[in-house]
1. Pull out a ≥ b ≥ c, the square roots of the eigenvalues of the alpha-carbon gyration tensor of region A:72-196, then state rounded if a/c is under 1.5, prolate if not and a/b is larger than b/c, and oblate in the remaining case.
2. Keeping all protein chains in position, work out how much accessible area C:E6 exposes to a 1.4 Å probe, and write it in Å² to the nearest 10.
3. What does the charge count near A:M1 come to, summing +1 for each Lys or Arg and -1 for each Asp or Glu among other residues with Cβ under 13 Å from its Cβ?
4. Taking a ≥ b ≥ c as the square roots of the eigenvalues of the Cα gyration tensor of the protein assembly as shown, is the shape rounded (a/c under 1.5), prolate (a/b larger than b/c) or oblate?
5. Go ahead and estimate [θ] at 222 nm for chain B from helices alone: -39,500 (n - 2.57) per DSSP H run with n ≥ 4, summed, over the residue count, rounded to 500.
6. Could you rank B:S56, A:S75 by how accessible they are, 1.4 Å probe, largest area first?
7. Taking only Cα atoms, what is the 0 to 90° angle, nearest 10, from helix B:135-147's long axis to the longest principal axis of chain B?
8. Using the Cα centre as the reference, give the magnitude of the dipole from point charges on the C-beta atoms of region B:3-219 (Lys, Arg: +1; Asp, Glu: -1; all else neutral), rounded to the nearest 20 debye.
Amino acid sequence: MSQWLGFLKKEWTESVKSYKLLLTVLIFSVIGILNPFTAKITPAVMEKFMPEGTVLNLPEPTALDSWLQFYSNFSQMGLLVFILLFSTMMSKELEKGTLIILLTKGLRRSTVITTKLVMGLLYWTIAFLLTFSITYCYTAFYWDQSILEHVLLAASCVYVFGILIFIVTLWGNTYFASAYGGLLVTVGVVIALFIIGIFPNTASWNPLQLLTAPPQMLIGEVTPKKLLTPFLVAMGTGLVFLIGTLIHFHKKRL
Amino acid sequence: MVVKINNVTKRFGTKEVLKKVNLNIPENTIFGFVGANGAGKTTLMKCMLGLLPVTSGTITIAGQPVTFGETKSNAHIGYLPDVPEFYPFYSAREYLQLCAVITNMPKSERKKRIEELLELVGLSQTKSPIRTYSRGMKQRLGIAQALLNRPKLLICDEPTSALDPVGRAQILSILKAAKSETTVFFSTHILSDAEQICDRVAMLHEGTIIFQDELSALQQQVDHQFVFTFTISVEKALSTLNNLAYSMSIEGESLVVRLSNDDERLQFMRDLTERGLIIQSMNAHKKLLEQVVMEVLK
Amino acid sequence: MNTDLELFIEYLPFLIPIILIQFGLAIFSAIHVIRHPHYRFGNQVIWLLIVLFIQFIGPIIYFVAGRGDEDGR
């Protein structure tokens, strides 16, 4: 256990010293502010750019617009930033060979994977909570949120999807031992999910639903129950990739 | 024997890198492992550490068999890779603390052992992060981390080859000092390094061990021979000494004389004085490891 | 113009933190680029342009991919 905590501490120190904590906090705060800001400013901007005299019947923005921004910014820009920041966790060590000394000292190979997983999840949690709480506070300040349902639950669907994507990246990064390898696998998996999504009858289980359905959940068109299967599929797939990573790394030639 | 390597064969695809290698390393020796670049030295070391699987054969370290992947035998080993890589954001002291946690060293021992090692490798005054270190400093930190858990075996892969003469001398003296508490197994392609500190030497050539013996035994064939140079040319000196019953020969600019006992040695000195030959230098004739290697390779 | 000013004041709670963070990050990154002139690829001018003019993603790319590990000796 002390070995595991010792290596986790190293991961934490490394992430702080390589400015990952700083970047995560700053960027996800900004995303949190941008969501309500974009929602609020859009009608005003539209008015400005319309030719003089055009009568616009733009409805006043509501809390829903603010959360819609959350789903486009956080699940696209946010997820991209997070994956970029943590996509080299394994490849950096494997390319440089920094693990060799520690592994020959008796560091368990599973410890390497699990501590990196936990560190990545910790950062994803920080990122999610920051963006969510900032968006929530601004939205509550400017609009009435009581018209929306399942605000936290809907947002955490994106969080779960992020976990899946992170584990997939970790696997690709370990398997190909290069930054590009990990990212290519991730991009491949996301594209595959989109292709699967073309067929309407896959909507009941496709994990991509965790990204696309939450806005409808806010307005009550989708019940949380409908997302249970995609949630379980996402968790199951994540677990498979995690076990795959552990097995592969256990016998990796270094 | 702290290491027993039994019939180890290693193939990469169809290329046989190690061919039935047998090697035994006795305790508390400095074992030099020589061979040209690409002879398979690093491969054998990685097999000993369980970082690569062997194709066939067995390796036992301190009585424990080595398995590929996680191996218990690593608890007895300290390893210094040819280019040791550390986390650049740590200082030497912090890195050793991480290593101490990973080897499950009792907390009470850690601080003392780390200070002891930093002193040994001359890094105790350095507080800057590892990213500012020179090659030599990294190599020395590498030895410190390898010795941390008092291993029974210290494996060093080409510890001296990338260093300048000062750095090399430092590493060699540290290895020599380490002999008192561990067995040192180090590879090198610089034969003079092996010659300076090794008790035993093995040579790997094209995947097979072509000799392994005590260094002194390898050099012994030329015992009782002495090399002289004189203030006059060696040919002149030889012609002056010609009528004497010593076995003498000319090697380069010096005279090699066989003097098998003390009486003979004293007598030879008297003969020199009688003939008015002034010695410029004199030393025992040792065959250089390089010559041994050259002869074996012929 | 009156309405513009009102609009501006209305958006201040958003603008202040966003501008602060964005400029702070860009300046922090630029200082880092200048003070650690070793990069895995590219040169100082390119990295300065990237961190100053590509919002957020620029500094991220710099810190993840462009920043050199070694101070070099």
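1. Note, shape of region A:72-196 comes out prolate.
2. 110
3. +2
4. On the way: a/c = 3.59, a/b = 2.57, b/c = 1.39.
Prolate, because a/c is 1.5 or more and a/b exceeds b/c.
5. Counting only the DSSP helices, I get -10000 deg cm²/dmol.
6. Most to least solvent-accessible, the answer reads B:S56, A:S75.
7. 70
8. The calculated dipole for region B:3-219 is roughly 560 debye.
The values are calculated or read from the model by the stated rules, or taken from the named source; none is laboratory data. Just so you know, these numbers come straight off a predicted model, no measurement behind them. Cβ coordinates were reconstructed from backbone atoms using ideal geometry, including for glycine residues, and neighbour counts include every protein chain displayed. With ligands, DNA and RNA removed, areas are computed over all heavy atoms of the protein, side chains included. Shrake-Rupley method; radii C 1.70, N 1.55, O 1.52, S 1.80 Å.
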